[in-house]
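Q: Supplied in structure tokens, the structure appears directly below.
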Amino acid sequence: MYPMIDVFLKPQKYNLYKEVNSFPAGNLLEIGVGNGKYLHLYQNHKITGIDISSRMLKIAQKQEVYDIRLVQMNGEHLLFSDHHFDYIVVSHTITVVDNPEKLFQEMYRVLKPTGHIFILNHFTPKNWLRYLDLGFHRISRILHFKSKFRIEDIASIKKFNLIKEIEYKPLSYFKLLIYSKT
């Protein structure tokens, strides 16, 4: 499904990496690296990419990107020390993990006190699209995907300070949220 989904996500992904690259060089964790198609877009950072799928990581390892560490790992159970990363990127991953609350607790733990997280995802909008999310909710659970998703429903998000929000028009279904650790 990646090639089909990528048609919709490509412009957002380029914008995400542009934002990430605008920050000073640092130690960066990408959770849910998938097939690694966009890893080549990182410019300044020391990258660690994780994914729960060994199959996706095998594909990512074939990308011609050097000096990136790829590890099979669950984002809800990070095996890194506290305060290890300057930045964390989570792109279209939050709605497919079993426990988003646990994911955010782990991100908070491994992020340095001055760190930032970049979240690119769909969010249930307040416009008419919310009815599509609600209607698709039963089916999406079977596909291990949360169609109905609001960032404010994750209690741990309150530990972070929203510093930038980019809505992708015209429907505002996808957003890039940049948070700093408080």
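Q: What about Leu16, is it farther than 30 Å from Lys169 by Cα, surrounded by 15 or more Cβ atoms within 10 Å (Cβ to Cβ), in contact (Cβ under 8 Å) with a residue 40 or more places away in the chain and of a type in the set (A, V, I, L, M)?
A: Values: farther than 30 Å from Lys169 by Cα: no; surrounded by 15 or more Cβ atoms within 10 Å (Cβ to Cβ): yes; in contact (Cβ under 8 Å) with a residue 40 or more places away in the chain: yes; of a type in the set (A, V, I, L, M): yes.
For Leu16, the condition - farther than 30 Å from Lys169 by Cα, surrounded by 15 or more Cβ atoms within 10 Å (Cβ to Cβ), in contact (Cβ under 8 Å) with a residue 40 or more places away in the chain and of a type in the set (A, V, I, L, M) - is not met.
Q: Looking at (1) open to solvent by 40 Å² or more (accessible area, probe 1.4 Å); (2) in a strand (DSSP E or B), which one does Gly49 not meet, given that it meets all the others?
A: (1)
Q: Check Glu30, Glu19 and return the single one that is in a strand (DSSP E or B), under 12 Å from Phe118 (Cβ atoms) and of a type in the set (D, E, K, R). Quick ask: steps written out before the conclusion?
A: Details: Glu19 fails: in a strand (DSSP E or B).
Exactly one residue qualifies, and that residue is Glu30.
Q: Kindly indicate the residue of segment 82-93 that is assigned to a strand (DSSP E or B) and at pLDDT 95 or above and also most open to solvent (accessible area, probe 1.4 Å) among those meeting that condition. Even if it seems obvious, please write down each step before you answer.
A: In the first step, residues of segment 82-93 are kept if they are assigned to a strand (DSSP E or B); the result is 85-91.
Subset that is at pLDDT 95 or above: 85-90.
Details: Phe85: 0, Asp86: 35, Tyr87: 17, Ile88: 0, Val89: 1, Val90: 0 Å².
Looking at residues that are assigned to a strand (DSSP E or B) and at pLDDT 95 or above, I get Asp86.
Q: Let me ask something else. Which residues, counting only those in segment 59-81, are hydrophobic (A, V, I, L, M, F, W, C), under 19 Å from the mean Cα position of the chain (by Cα) and assigned to a loop (DSSP other than H, G, I, E, B)? Talk me through it step by step, then tell me what you get.
A: Taking segment 59-81 as the starting set, the residues that turn out to be hydrophobic (A, V, I, L, M, F, W, C) are 59-60, 65, 68, 70-71, 73, 78-80.
Pick out the ones that are also under 19 Å from the mean Cα position of the chain (by Cα) and you get 59-60, 68, 70-71, 73, 78-80.
The answer is Met73, Leu78, Leu79, Phe80.
Q: Would you be able to say whether some residue in segment 111-122 is open to solvent by 20 Å² or more (accessible area, probe 1.4 Å) and either outside any strand (DSSP E or B) or at positive phi (or both)?
A: Going residue by residue through segment 111-122, those that are open to solvent by 20 Å² or more (accessible area, probe 1.4 Å) are 112-114, 116.
If we keep only those that are either outside any strand (DSSP E or B) or at positive phi (or both) too, we end up with none.
Taking every residue of segment 111-122 in turn, none turns out to be open to solvent by 20 Å² or more (accessible area, probe 1.4 Å) and either outside any strand (DSSP E or B) or at positive phi (or both).
Q: Residue check, Glu106 against (1) open to solvent by less than 50 Å² (accessible area, probe 1.4 Å); (2) modelled with pLDDT of 85 or more; (3) not in a helix (DSSP H, G or I), all met but one. Which one?
A: (3)
The values are calculated or read from the model by the stated rules, or taken from the named source; none is laboratory data. Only a predicted model underlies this, so the values are computations on that prediction, with no experimental measurement involved. Every residue, glycine among them, receives a Cβ derived from its backbone with ideal geometry; neighbour counts consider all protein chains shown. Heavy atoms of the whole protein, side chains included, go into the accessibility calculation; ligands, DNA and RNA do not. Shrake-Rupley method; radii C 1.70, N 1.55, O 1.52, S 1.80 Å.
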